[in-house]
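J.: Just passing along the structure, written as structure tokens.
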Amino acid sequence: MKIVYLDNNATTRVDPEVFEEMRPYFCELYGNPSSMHTFGGQVARKLDEARGRLAALLGADETEIVFTSCGTESDSTAIRGTLEAYPEKRHIVTSRVEHPAVLSLCRHLVKQGYEVTELGVDRQGMIDLDELREVVTDRTAIVSLMWANNETGTIFPIEEAARIVKERGAVLHTDAVQVVGKLPINLADSAIDMLALSGHKLHAPKGIGALFVRRGTRVRPFLLGGHQERGRRAGTENTPSIIGLGKAAELAAEHMEEEQTRVQRLRDRLERALLETVPRTRLNGHPTERLPNTANISFEFVEGEAILLMLSDLGICASSGSACTSGSLQPSHVLRAMGVPFTAAHGSIRFSLSRFNTAEEIDFTIAKVPAVIERLREISPFWKRRDDPALATVDYSVGLDNT
Ligand code: PLP
């Protein structure tokens, strides 16, 4: 069965060119880049090249790039490392729609005595910068706001947020895991202090990430040990993956325009067709301030998991906004924070594209989804009661504090 992969915000295919770039660094050029011999030295030079390639994609300086094991580690390093560097400041600001890499950590830090302010979002998933202005004080150590949301694609006005935070003397960290490779970034001309990214979202392998740390930013290392990464992240470097991430960054720059033209057009076509042909559907996320590859659509009165399973049987891979996979029957914390009604949040599906998707795949998906929804609605007790006003008032805010 042919796979139509529309789950690229979960992870992406490793670009074959990335894989080829990595290949020699497993069995042939396996030296340790910290070794004195030239065998290791040639790997060190290749790491420098990868650092330069990633820095170029971000508009950063090579010395501002710290390689990590993933986006989660980058987020943790930024937040914990800042708190350690400013022990007198015990306040953190974040948003209610962050990825668990940030939100779970912040909620854990509350238990350790930190004060955390979670900014709410409006119905399109957008934060309010006036609220940010009000909550950041001289006691705030760090503000951690994602650049774009992984579930809805909504893009926060991160540069404006960064300027507000800087004026108040706090550190601005952004989880840009979903942005790097999809939108142009120029950190040379930016107030952002730290930025987290993850290789597997931009066609590099899983298990490699990076943290941009602006020169002069105070942040304590998360992993202590050897002197790798200029003492900012100990541990022998994951050389093949770093080299792969460097290549992926170079390719991302080459394909950036395609993300905003061809990929976005495919996304728009899919989105429009589903919203027009399937009754009782809604788009979750900002209509314009949104990643070019992401469409989150609610099919009211059906279970997202059921939709996913039926799509999976057809070879179509998408993702549900529901947290059922984590053992909870609550719909996604992001959609709940946006006030998406219960009956819509449960049936939300995220389609996320990449440059590897084709028009034929989108046509196939457009042809298959309506029948899947129709079949599920035939057996849905909620669909039969779709005009019952009682359904609209179901209280699903219970457990809002659990991601
Ligand atoms: N932040 C966002 C917005 C993400 O989408 C993800 C992954 O889904 C992460 C952080 C975590 O990245 P990683 O899987 O590399 O730890």
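J.: With closer than 30 Å to Leu251 by Cα and at pLDDT 90 or above as the only criterion, which of Ile316, Ile379, Ile373 stands out?
T.: Checking each option against the conditions leaves just Ile316.
J.: Just checking, how many residues over the range 37-96 are part of a helix (DSSP H, G or I), within 16 Å of the ligand (Cβ to nearest atom) and of a type in the set (Val, Ile, Thr)?
T.: Qualifying residue count, the range 37-96: 3.
J.: Within the range 105-112, does at least one residue satisfy the condition of being under 30 Å from His255 (Cβ atoms), in a helix (DSSP H, G or I) and within 16 Å of the ligand (Cβ to nearest atom)? Write out each step before concluding.
T.: Taking the range 105-112 as the starting set, the residues that turn out to be under 30 Å from His255 (Cβ atoms) are none.
Taking every residue of the range 105-112 in turn, none turns out to be under 30 Å from His255 (Cβ atoms), in a helix (DSSP H, G or I) and within 16 Å of the ligand (Cβ to nearest atom).
J.: A further question on this structure: Give the residue, chosen from Val165, Val219, that is away from the ligand (no atom under 15 Å from the Cβ), surrounded by 24 or more Cβ atoms within 10 Å (Cβ to Cβ) and part of a helix (DSSP H, G or I).
T.: Val165
J.: Since Thr140 meets every condition but one in (1) closer than 24 Å to Asn293 by Cα; (2) touching a strand residue (DSSP E or B) at 6+ places or on another chain (Cβ under 8 Å), which condition does it not meet?
T.: So the condition that Thr140 fails would be (1).
J.: Okay, moving on. Considering each of Ala306, Ala248 in turn, give the residue that is buried (at least 23 other Cβ atoms within 10 Å of the Cβ), out of contact with any Pro (no Cβ under 7 Å at 6 or more places or on another chain), small (Gly, Ala, Ser) and not in a loop (DSSP other than H, G, I, E, B).
T.: It is Ala248.
J.: So which pairs qualify, if the first residue must be in the range 1-29 and not assigned by TED's automatic domain parsing to the domain that holds Ile349, the second must be more than 16 Å from the ligand (Cβ to nearest atom) and at pLDDT below 95, the Cβ gap must be under 7 Å, and the two must be at least 6 apart or on different chains?
T.: Going by the 7 Å Cβ cut-off, there are no qualifying pairs.
J.: Checking Met256 against (1) closer than 20 Å to Trp147 by Cβ; (2) within 16 Å of the ligand (Cβ to nearest atom), only one condition comes out false. Which one?
T.: Every condition holds for Met256 apart from (2).
J.: Looking only at the range 80-110, which residues are within 18 Å of Ala196 (Cα to Cα) and either hydroxyl-bearing (Ser, Thr, Tyr) or at pLDDT below 95 (or both)?
T.: Scanning the range 80-110 gives Thr82, Thr94, Ser95, Ser104.
J.: Restricting attention to the range 181-216, which residues are assigned to a loop (DSSP other than H, G, I, E, B), more than 20 Å from Glu250 (Cα to Cα) and within 16 Å of the ligand (Cβ to nearest atom)?
T.: Ile192
J.: If only one of Gly216, Gly209, Gly246 is at pLDDT 95 or above, within 25 Å of Ala161 (Cα to Cα) and within 20 Å of the chain's Cα centre (by Cα), which one is it?
T.: Answer to the selection: Gly209.
The values are calculated or read from the model by the stated rules, or taken from the named source; none is laboratory data. From a predicted model like this one, the values you see are computed outputs, not experimental measurements. Heads up, the Cβs are rebuilt from the backbone with ideal geometry, glycines too, and the neighbour counts pull from every protein chain shown.
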